[in-house]
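Chemist: There's a structure below that I have some questions on.
The values are calculated or read from the model by the stated rules, or taken from the named source; none is laboratory data. Please read these numbers as outputs of a predicted model, since none were measured by experiment. Cβ: placed from backbone, ideal geometry, glycine included. Neighbour counts: every protein chain shown. Keep in mind that these areas ignore ligands, DNA and RNA; they rest on the heavy atoms of the full protein, side chains included. Shrake-Rupley method; radii C 1.70, N 1.55, O 1.52, S 1.80 Å.
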Amino acid sequence: MSSALEPTEELLELTRSLHAYAEWVQVVGSHGLPEASAEDRAARDEPSPHTLEAVEPPPPAPPPPREQSAAPDIPKPPPRAAAPKEPAPKEFGPREPTPKEPAPKEFGPREPAPKEPASAQPEPARDTAALRVRLNDLAARVAQCAACPLHSTRTQTVFERGTLDTGLCFVGEAPGEDEDAQGKPFVGKAGQLLDRMIAAMGFEREQVYICNIVKCRPPNNRKPTPEEMAACMPFLLEQLEIVGPQVMVALGATAVRGLLDTRASITRLRGTWKLFQGKIAVMPTFHPAYLLRSPHAKREVWADLQAVLRHMGRSVPQQK
Ligand code: SF4
């Protein structure tokens, strides 16, 4: 066999190849394979190209559901408390100021706790008729008294004057000549001045209660002795216990000494509050008889009486 073709033969071979390619294109087109016959496809079990869509493989089946693992037994948290509702903002009206919290005092001296205001306990209604009966009984006993030498020189005992209405009680020294004659305290000149003092305070003459340390007149209007005062003191204590004054005015040195058991001078004590038996306020001041001799002292006495009015919560007249 010859290994090299003649040019003519090469040309013939090329022509046969082109001819074969032209026939191929004529049969199958410029692309693809020639369609197989139905018999050929059936023999090869191939689907028809016109039914490709129908025979598309079914979509993959969804994966089987996961088998859920058994949840552990977790205790349920307690239900939450509902959050407090914020107050709706005030769009209208005045804003309320935010209250400032006082800063806690951790250091420094403690402030004293404010005193609780004393509860105003209304004074129970007093049976003044019964008190009057007791006073009359006491006055009758005083009238029979002979416990001290004064009983021998008296005309009569001098027990009281006035009423229990106001709670204000004046206590003097001893009856004078006029009082011994009338049986009532402070009815002479000194008593008339006391009446004017009482009127200046805004009271009627008989609205206040008036008595003395001793119930019998000392001779010649002398001062009662300590023994006479001590002998008569049980009557005074019982008398004041029945009267129950809210405030007392001690008129003169003898009255102050008898009520307060002190030898301090009236000049030093006047105008200063004291306590009788630790519970009844006492205002020492000058005796009206002293004012008759020393009118300049009226100013001090009036100041003391104004203090009494303030203590009683009453209005204080500014004149005098
Ligand atoms: Fe009695 Fe008093 Fe008169 Fe003396 S002053 S006799 S104690 S009532």
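Chemist: Would you report the distance distribution of C-alpha pairs in segment 207-274 as whole percents per 10 angstrom bin, up to the bin with the largest distance?
Modeler: 18, 52, 29, 1
Chemist: If I stretch the segment between Ala146 and Arg293 completely, what's the gain in nm (0.36 nm per residue apart, minus their alpha carbon distance), one decimal?
Modeler: 49.6 nm
Chemist: Something else: Roughly what would the spin-label model give for Thr225 and Leu12, points 7 Å off Cα along C-beta, in nm?
Modeler: So the label points at Thr225 and Leu12 sit 19.7 nm apart.
Chemist: Just by accessible area at a 1.4 angstrom probe, what is the order of Glu173, Glu241, Glu228 from largest to smallest?
Modeler: On the way: Glu173 30, Glu241 110, Glu228 10 Å².
Of Glu173, Glu241, Glu228, the descending order of accessible area is Glu241, Glu173, Glu228.
Chemist: Now for a different question. Answer rounded, prolate or oblate for segment 238-319, using the Cα gyration tensor with square roots of eigenvalues a ≥ b ≥ c: rounded when a/c is under 1.5, else prolate when a/b is larger than b/c, else oblate.
Modeler: oblate
Chemist: Counting Lys +1, Arg +1, Asp -1, Glu -1, what net charge surrounds Lys274 among other residues with beta carbon under 13 Å of its beta carbon? Mind showing how you got there, number by number?
Modeler: Working: positive: Arg257, Arg268, Arg270, Lys279; negative: Asp261, Asp304.
Cβ neighbours under 13 Å give a net charge of +2.
Chemist: Mind giving me the FRET efficiency for His311 and Thr128? R0 is 22 Å, r the Cβ-Cβ distance, nearest 0.05 is fine.
Modeler: Details: r = 22 Å, r/R0 = 1.02.
Once rounded, the FRET efficiency stands at 0.50.
Chemist: Still on this structure, I have one more. Applying 1/(1 + (r/R0)^6) with R0 = 22 Å to the Cβ-Cβ distance of Met233 and Gln182, what FRET efficiency is obtained, to the nearest 0.05? Don't skip to the end; give the middle numbers.
Modeler: Values: r = 24 Å, r/R0 = 1.09.
Plugging the Cβ-Cβ distance into 1/(1 + (r/R0)^6) gives 0.40.
Chemist: Another question, then. Which residues does a label at Thr272 reach in segment 294-314, if reach means a backbone N under 18 Å from a point 7 Å past the Cα toward the Cβ?
Modeler: 300-301, 303-305, 307-308
Chemist: Another question about this same structure. May I ask you to derive the relative contact order of segment 166-216, considering only C-alpha pairs under 8 Å and at least 6 residues apart, and to give it as an integer percent? Please list the in-between numbers first.
Modeler: Details: 55 pairs, mean separation 29.5, N = 51.
Relative contact order here is 58 percent.
Chemist: Still on this structure: Counting only heavy atoms of the protein chains, get the accessible area per residue of segment 265-320 (1.4 Å probe) and round it to a whole Å² value.
Modeler: On the way: 3270 Å² over 56 residues.
I get 58 Å² per residue for this part.
Chemist: Looking at the square roots a ≥ b ≥ c of the eigenvalues of the Cα gyration tensor of segment 127-311, which shape do they give, rounded for a/c under 1.5, prolate if a/b is larger than b/c, or oblate?
Modeler: Rounded, since a/c falls under 1.5.
Chemist: Further, regarding this structure: Packing-wise, with mean Cβ within 10 Å as the measure, how do 147-154, 232-239, 261-268 rank, highest first? Walk me through the numbers on the way to the answer.
Modeler: Details: 147-154: 15.9, 232-239: 17.5, 261-268: 12.1.
Ranked by mean Cβ neighbours within 10 Å, highest first: 232-239, 147-154, 261-268.
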